[in-house]
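Let me begin by presenting the structure, written as structure tokens, before commenting on it.
We did not get these values from a lab; they are worked out from the coordinates using the rules stated. As the structure is a prediction and not an experimental result, all values here were calculated from the model. Positions of Cβ are backbone-derived with ideal geometry, glycine not excepted, and every protein chain shown enters the neighbour counts.
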Amino acid sequence: MEIMSVELDVFVGNTTIMDEEVYQFWLDGYTVSDAVKVRMEGGVLEECEASAEVLQSDTMDQYRTFQMCERLLHTPAKLANQLLFQIPPHRQAMLIERYYAFDSAFVREVLGKKLSKGTKKDLDDVSLKTGITLKSCRRQFDNFKRVFKVVEELKGPLVENIQTHFLLSDKLARDYAAIVFFANNRFETGKRKLQYLSFQDFAFCAGQLISNWTVGAVDNMVEDMDVDLDKEFLQDLKDLKILITDKDLLDQHKSLVCTALRGKTKVYSEMEANFKNLSRGLINIAAKLTNTKDVRDLFIDLVEKFIEPCRSDRWTAADMKLFLIHYTNSAHILDTFKHQVTWDRYMGVIKSCILKMYHD
Amino acid sequence: MPGKLKAKILAGRHLPVMDRASDLTDAFVEVKFGNTTFKTDVFPKSLNPQWNSEWFKFEVDDEDLQDEPLQITVLDHDTYSANDAIGKVYIDIDPLLSTEAATVISGWFPIYDTIHGIRGEISVLVKVELFSDSNRFRQSSCGVKFFSVFCNTRDALHLSCPAPSIPRCYRLAAVHGFVEELVVNEDPEHQWIDRIRTPRASNEARQRLISLMSGELQRKIGLKVLEMGGNAVVGYLQCFDLEGESGLVVRAIGTACTLEKPGSLPPSAPSASPSMETKECVPSPGRRSTLASPVLSVGSSQLSQGFSLSVPALSFSGMTLQLQGGAEFPFFTFTRFPPGFLLHVGGVVSARSVKLLDRIYNPDEPETRDAWWEEIRQEIKSHAKALGCHAVVGYSESTSICDEVCILSAAGTAAVLDPTLMQEGCLDDGGEHRYCVFCHVPYDDFNSPFPAHLAQCCTCGRHKVPDVLFTTIELPREAKVSGKGCLIQARLCRLKKKAQGEASATAVSNLLPFMEYELHTQLMNKLKLRAMNALFGLRVQISLGENMVVGLASATGVYLNALPSPGGVQIAGKTPGDTAQEQHISNMQRKINDTIAGNKELYEINPLEVAEDVSGSPIPEPQRRPRLFRSVSESSTEVPELDLAYGRKDAFVLEIDDTDALEDMHSLLTDAPAPSGFYSCNTEVMPGIYSWTSAVQMFTSVRMFRLGNANLTNQGVNKAFNDLCEDLLKSLYFKVRSMVPCCLCHLNFSVAVPEEELVQVTVTAAAMTFDKDAALTTTLPAAQIGMFVYFLSLKVFTWFQPLSPALSVFPASSVDYGSFADRCSTLVELIKVKAQTMRRGSIKTISSLETGSPLLRDRSRSVRSTHSYSSNAVTVVKMTPLSFIPNTRIIKYLGIINMFFIRETSSLREEGGVSGFLHGFITEVFAMVRAHVAALGGNAVLSYQMKECVFMENPNKNQAQCLINVSGDAVILVRHTEVSRLH
């Protein structure tokens, strides 16, 4: 016979008590009862001679605390000078870092998509597909969007801006920079052929693009410097076309690369046979980047035009590296080719991106 | 015109959006004191306004300064309609009125609204210039210091010997006696106007009124203290009685004292004799129930511990009055005493009285209420006399109100105080102070006021001691205990018929004696089951509800070496021959025996060893001490029979005559012990644990349960209440499990019956960790103290190594930031202090750091490699219900904190239901207390109490309201180790 029911149950510590494990459950969107179940299985009960009711009460209480904190986590800088919760600095850092952490499965689904209401509506599909709770998907999505909105209009380097406003670790701030950059340029990442790439692959590429191809790479005090690609540079890329349109140059380039690689790779003959196609592929990508549509397709183009042909010829990563080095460097020896600066700026990024993307 | 109050409004931050269109706010501030109001300019379109106002100056009487709070209102300017209030800050000016407390109030305060809670923060600067007061007939009592608890005897003594050159806070020069006062008013919530004003206006009126009333009360008490020749109130205890229709009573008791800064010469003892009118006892409806339990007297202390320097000179003008039979009450509100203060303890004395409330017609002359309390105090006094004692220590008063019925309660510990101390003002350290003296009864066998089981003292074998001892005070430091103590609670819930007025009062009065008796029995049984023989810090609370009365008694049980070992508990059946029952009883008996044996092990009670220890140690022959007050049976010439006394296992017999008793027995046995690694007590610290660390986590937990509408029986509700308390304790242990080994200290349960079938339990305590491996003996001979401190500072030195050579270089990672941050902030404090005491700037590194924050900034940079978010880092403020934090030293008392808040909501569901609402509110209250302390320049609140937490809900209307009253002493603390490092 249940003679009593607990109507009210709260616990407030002068120093706010937060259990990291429960915090993770909350972030992952577990309901209180699910979290209690998992905790019971985790053995915390025996450890502390507690009962299921105790766990239930504790979990509820912690969830409430997190909910109250959430408002502050939206502007992490406030967490440090707010008076409501007394939280030691290292715990604050933990709270922020975990709140802004995201699942790589989730980010792969929305990377490059517009962070709009429409995308948010589709989150239940994402949730279904990834097995991440809808609640957690929403938090992650809102985090992306919040960071995007704040840094969008700011001057100065993207990663630093994110760190200043959201107090994230260097690593996490870089990841967010990638997410913001991809969202802003709407790079296609969802195609089937790109599925084999991880978020970290893309994040690496984003880093390359940000530090070499954006306005900020040249002038570091303009708005949007790190989010938008340098238009002038994209325009200049058209000049590279000469490498494939001028037959002499193309042949010269090929022979230089072949000379350098002969005997150093097992796929020499395949490379030699395919050189012109590969070179055309890379340079056509460069020449088309003035179109927004083609910018979006940068990664899919790289895969289709370059990575796939090489992969079918069974190039190893070492082969790839060797080829790209010599392909880039040989262009410097071509005396009629005048666009060395543009070439280096283009190939530097393309080379590292391809190397990162060239895996199974 | 004795004072000028100056306030400056600097800036705001995190303000709420008040204009939906622009998502911004046009904020300005009104600063009000008394009837004068100033305004700042409007700072348009900002959530972080920078007003940088001029100094607003108020020229006021110091009487007003004491009564009134400074009221700061933040508003949103609106051109077309009325300005919207964002929220308010009330600042108590009192700490600025004493020259020795805070000199400036400066800091960020949460802006509080009774409907929305905290809405942003405001930075304020407040100063007071006092002119010398030439008026002899003044009404103010500026400069009288108030302390929630004052602890002259440093409690963490075992742990840490203070460096001699550190300024001691205060020295107790004289104790003048008991002071009390009460003021009454109509409750704004129950005035007719409340029907037409907004809830916000009503709440604010109430908050303001209570603030005014407590200011007035404090001033009046201060006046009495001045009359008595004192300069401080120690053990100040202020309470509110929300009497509903009949009004609002704010009352306070305390002990008037003369404190002085150490080093100064003791003043010629002031001998002002307060002319207390004897108040006429107004006959009133009501009955009383009283209970006096046997207790014993505590004797002299051990003076060899190196703190005899700080032993106060005591002069008792109050005492003298009492002995002459004056109206003065020889009561003392504190629970800890300077060594030698207590000579004998006679027992717990308590008195209750049930009254019918009626409207207070003339608030300026609250005679009825005064008379009620007078009556109760007289009763307490006579109980004490009956126990052969002339004083009552650890005295407190409380009420419980339900509709128009009110229970007034008072309790304390009857005691005999040391006459040598009182007369000479110095301690006779030539005399030997035995650990057991305080256990000897102050009355003799034949004149015993009640049938008491007296035995020979187990330590000296020369005097009589009672078999058990109950007291309301802390365990005297000189007491010798075996093993550790534990929290013991008696819980009781009794149904009562719903009735009105006098009928209800009669029902309650009839019930009370039975409840007292049962609580007492439960305490006794539980004590025996734990193999202990004394209770300290006993607090019995009786709470009145419409259809039930709830009783909760909490105390800390210990095994006093001087008292006889408790015999076992024996059960006897009433009907011999009933084999089934006999079987049952023998099972039960076995269980009980096992429990007792288990508890002995659990609490490490091993009295025999201690006895040998004692007899083996060179304790000199007990010298006779002069006893002026009462001749104790010192003539006991019987041969000491130590062994006999121990062997005397006169078992405590429990008769089981019906199923009720069986149930009770069951509940006794099902009281779960604390999980391993945990201890709990309701005294300041746990007897038997001495190696505390300075890690303190203060918390408040509130639970409320509703009894089902099933057929309620006494047994059923009793069990439900018992389960609630047990579950609550379990939850608390679980919450602080990361602190193990840990003790919940000063566990303060308070119970209320806010509505029919609703029981609310509020707990405040401090979880403190201790060093399990520190093999410290209970007493530390003076010679060892030095060594121990040396050991401690060595340990801490390693912590500090990264800091010491170049203060600006902090290791980036691999540091435990928690304690690190802690250390940094205290270090900053310390450096400030250092700068104050040195005033020379002879050490360059230190003077350059004087500004305080660079250190903090450095610290957070080490957390965040690139960005600092700490330019305005918030001061860490520790809070504890104890009067100290282990391993720290109080370098300044900044003043008493006494705050009252109301919070109301009409969107209960949206705020997360009752739990969400209350969770948020308590969090906000903590934040406001911390902010006020930080603004005074403090870093801790000691003797913190949540004295009131009145919760009301109306779920059907989606509404709830809560009133919270908190108090404590704001102080500046530094770690001992840091202090000694600086010197």
Shape call, region B:717-775: gyration tensor on alpha carbons, a/c limit 1.5 = prolate
All Cα pairs of region B:458-518, percent lying beyond 14 Å = 75 percent
If eta is 1.306 mPa s and T is 10 °C, what Stokes-Einstein diffusion coefficient results for chain A, Kirkwood Rh from Cα pairs, in µm²/s?
-> 68 µm²/s
Within region B:480-601, the percent of DSSP beta bridges that are antiparallel, given to the nearest 5, stands at 100 percent
What does the average come to when, for each residue of peptide A:91-103, you count the partner chain Cβ atoms lying within 10 Å of its Cβ?
-> 1
Once both label points are put 7 Å beyond Cα along the C-beta direction, the B:Arg197-A:Lys293 separation in nm becomes 7.0 nm
Stretchable slack from A:Ser51 to A:Lys121, in nm (0.36 nm times residue separation minus alpha-carbon distance) | 21.2 nm
Rounded to the nearest 500 deg cm²/dmol, what is the calculated helix-only ellipticity per residue at 222 nm for chain A, with -39500 (n - 2.57) per DSSP H run of length n ≥ 4?
-> -20000 deg cm²/dmol
For helix A:268-288, what angle does its Cα long axis make with the longest principal axis of chain A, in degrees from 0 to 90 and rounded to 10?
-> 70 degrees
Sorted from fewest to most neighbouring beta carbons within 10 Å, what does the list B:Ser731, B:Ser586 look like?
-> B:Ser586, B:Ser731
Long pairs among B:Lys6/B:Lys145; B:Lys6/B:Lys32; B:Lys261/B:Lys878; B:Lys39/B:Lys88, criterion Cα-Cα beyond 20 Å | B:Lys6/B:Lys145; B:Lys261/B:Lys878
Once you have the Cα-Cα distance between A:Asp248 and A:Glu97, take 0.36 nm times their residue separation minus that, and quote the gain in nm to one decimal.
-> 48.8 nm
Between A:Lys155 and A:Lys37, 0.36 nm times their residue separation minus their Cα-Cα distance comes to what?
-> 37.7 nm
So for R0 = 22 Å, FRET eff. of B:Asp84-B:Asp41 from the Cβ-Cβ r, to 0.05, ends up at 0.80
Could you grab the Rg to Rh ratio for region B:467-554? Cα atoms only, Kirkwood for Rh.
-> 1.10
Here the alpha-carbon Rg of region A:1-95 over 2.2 N^0.38 Å rounds to 1.19
Can you put B:Cys439, A:Cys258, B:Cys389 in order of Cβ neighbours within 10 angstrom, beginning with the fewest?
-> A:Cys258, B:Cys389, B:Cys439
Give me the Kirkwood hydrodynamic radius of region A:154-291 in Å, from all C-alpha pairs, to one decimal place?
-> 17.4 Å
Using a Gaussian network model of chain A with C-alpha springs under 10 Å, which one of A:Asn14, A:Asn274, A:Asn185 is most mobile by mean-square fluctuation?
-> A:Asn14
Taking the C-alpha atoms of region B:888-942, convex hull volume expressed per residue in Å³ | 89 Å³
When the scattering of region B:510-584 is computed by the Debye formula from its Cα atoms alone, each counted once and equally, what is log10 I(q)/I(0) at q = 0.15, 0.26 Å⁻¹?
-> -0.72, -1.12
Over all residues in B:908-916, what is the mean tally of Cβ atoms on other chains that come within 10 Å of each residue's Cβ?
-> 3
Calculate the mean, over all residues of peptide B:341-348, of how many other protein chain Cβ atoms lie within 10 angstrom of the residue's Cβ.
-> 0
Excluding A:Leu84 itself, calculate the net charge of residues whose Cβ lies under 12 Å from the Cβ of A:Leu84, where each Lys or Arg counts +1 and each Asp or Glu counts -1.
-> +2
Would you mind ranking B:Ser482, B:Ser565, B:Ser907 so that the residue whose beta carbon has the fewest other beta carbons within 10 Å leads the list?
-> B:Ser907, B:Ser565, B:Ser482
Which listed pairs, of A:Lys238/A:Lys293; A:Lys113/A:Lys231; B:Lys355/B:Lys719; A:Lys121/A:Lys145; A:Lys254/A:Lys276; A:Lys193/A:Lys356, have C-alpha distances above 19 Å, in listed order = A:Lys113/A:Lys231; B:Lys355/B:Lys719
Take the alpha carbon gyration tensor of region A:240-360, find the square roots of its eigenvalues, order them as a ≥ b ≥ c, and report rounded if a/c is under 1.5; if not, report prolate when a/b exceeds b/c, else oblate.
-> oblate
Once phi is turned into θ = phi - 60°, what whole-Hz ³J(HN,Hα) does the Karplus curve with 6.51, -1.76 and 1.60 give for every residue of region A:327-337, x standing for Gly and Pro?
-> 4, 5, 5, 4, 4, 5, 7, 5, 6, 7, 8
Let me see the pair-distance distribution of region B:18-64: every alpha carbon pair, 10 Å bin width, integer percents in order.
-> 24, 39, 24, 11, 2
Regarding region A:1-47, what are the three Cα extents along the principal axes, ordered largest first, in Å?
-> 35, 30, 25
